[in-house]
Structures are given as structure tokens and as C-alpha cells.
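What follows draws every value from the coordinates through simple rules; no lab data is involved. A quick note: this is a predicted structure, and the numbers were derived from the prediction, not measured. We place every Cβ from the backbone using ideal geometry, glycine too, and count neighbours over all the protein chains shown.
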Amino acid sequence: MATILLVEDELTLAETLRYNFEREGYTVLLAADGVQCLELARREQPNLIMLDIMLPRLDGFSVCRILRQESDVPVMMLTARQDEVDRIAGLELGADDYISKPFSLGELLARVRAIMRRTERQPRGLSREVLTAGPLKVDTSSRRAWRESDELTLPQKEFDLLTCLIRNRGIALSRDLLLERVWGSDFIGDSRTVDVHIRWLREKIEPDPARPRYIQTVRGIGYRFETPAA
């Protein structure tokens, strides 16, 4: 049974959402502030964290930043603020989805189900596959990657994105295609998610992330992986 950690300081809303999620068969944990969220997330390892932005003690943006340093748990951000800058900020920090209050319960449940389906699938190759591209090496069976002799620390989505790009080296892949391959066909979130993860990958594999050699931007389309000549 999947577990949702709901981080919301408005008690009436928190109890209403918990009631409806439990009717759907989920186990629900409640946290009323950012510090309590981090404590529960580390101890209980939930399948999804629903995170309000305006929280006591530690705001949702700060919590999301810390969570992304520690795990790949899906994060859906909730906010009463409508500004696009808030949505972009949440995605930049690694949130998987973003929904503004007031929201319909039906839409919220649909988004939660979509995230849970993607989490449950998590395809893994059964046979050993080692991909090499210049100084980069990716072992898909052990899910480890190296740049020359240095092992890279890649969260799940960054690893899957790098693998997809290397497998299709020389081919321009659209953001929508990358979303489908890495996040799943039922992903509801923003295509900026791809741009954020590409930036993070460049910071780890490129000699100069501001002038990428490997992950090339294809203007108006998406990205292409190239192995430059030595």
C-alpha cells in the first residue's frame, strides 16, 4: 500500500485530503511544518510527498531543496499563490508536479494516481548493458555511471535521462519524447522539468556546463547527445 506524506498547516484542508486519500486506499502521514516533514520523510520513506509552500519553521521551497539532495521521492507542490515564478521555482528545485489552490479533488487524485503509476513501473533492464561515450560510462544493470575514473552521483531521473540520451546519440530528442521515455506517458507536469534535469546533468558531466560538449541544445526541439572527437 502506497504512503503519502501530506505537508499542510491548514488543519481542515489536511484532514479533508487525508480522508479522501484513505478512501482511495493510500496510507496518509500528516506534517504541519517543514521540519516535521523532513523528519517523517527520512523515517517513513513515503511514496509521494505533497508539499505546501507556505509552511511554518521551514518553507516548502527549502524543504524541496533538501529532499532533492537526499532522495528521489516524488514531490507535488501545493500553493495558494498563482504566480508563474513560483511554479518555475518549484520545478527548478526538482518538484515533479505543481498544483494551485483552489484545486478540484478529482484533478488532484488523477495527478496522484499518475505519479504512483510511474513510481510502480520503474523499468529495470534484466541483462547487463554498459554504454560508453567518450569519458562517460553507464552501467544500466547496476545503475552506476562514471566520468573517466570518477563515479557520478546521479539520482534516478538524471540517470535515466543520461541513459536515454546516450542510447540515442546523434538524434535530436524533443522534450515531449524525453518526458515520455523518462517520466512516463502519463506525466502531467511541465516540460521545463526536462530543462532542469538537463542543467543538472551538464553540471556533472560537462567540463564547462556553460559551453556543453555532450548534451547539445537543439533550438525549438529539445536536446541531442554528441560525443565530440578527441
Scanning segment 165-214 for residues that are in contact with an Asp or Glu (Cβ under 7 Å, 6 or more places away or on another chain) and β-branched (Val, Ile, Thr), the one nearest to Glu107 (Cα to Cα) turns out to be Ile188
Restricting the search to segment 47-68, which residues are of a type in the set (S, T, N, Q) and within 21 Å of Arg118 (Cα to Cα)?
-> Asn47
Within the group Met54, Met50, which residue is in contact (Cβ under 8 Å) with a residue 24 or more places away in the chain, under 15 Å from Lys101 (Cβ atoms) and surrounded by fewer than 16 Cβ atoms within 10 Å (Cβ to Cβ)?
-> Met54
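From the set of residues in segment 207-216 that are within 18 Å of Asn168 (Cα to Cα) and free of Cβ contacts under 8 Å to residues at least 12 places away in the same chain, which is surrounded by the most Cβ atoms within 10 Å (Cβ to Cβ)?
Checking each candidate, the answer is Pro212.
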Determine whether segment 167-182 contains at least one residue that is in contact (Cβ under 8 Å) with a residue 24 or more places away in the chain, buried (at least 16 other Cβ atoms within 10 Å of the Cβ) and within 23 Å of Ala2 (Cα to Cα).
-> yes
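Can you find a residue in segment 68-87 that is touching a Gly at 6+ places or on another chain (Cβ under 6 Å), touching a residue at least 40 places away in the same chain (Cβ under 8 Å), buried (at least 16 other Cβ atoms within 10 Å of the Cβ) and assigned to a loop (DSSP other than H, G, I, E, B)?
No; the residues of segment 68-87 include none that is touching a Gly at 6+ places or on another chain (Cβ under 6 Å), touching a residue at least 40 places away in the same chain (Cβ under 8 Å), buried (at least 16 other Cβ atoms within 10 Å of the Cβ) and assigned to a loop (DSSP other than H, G, I, E, B).
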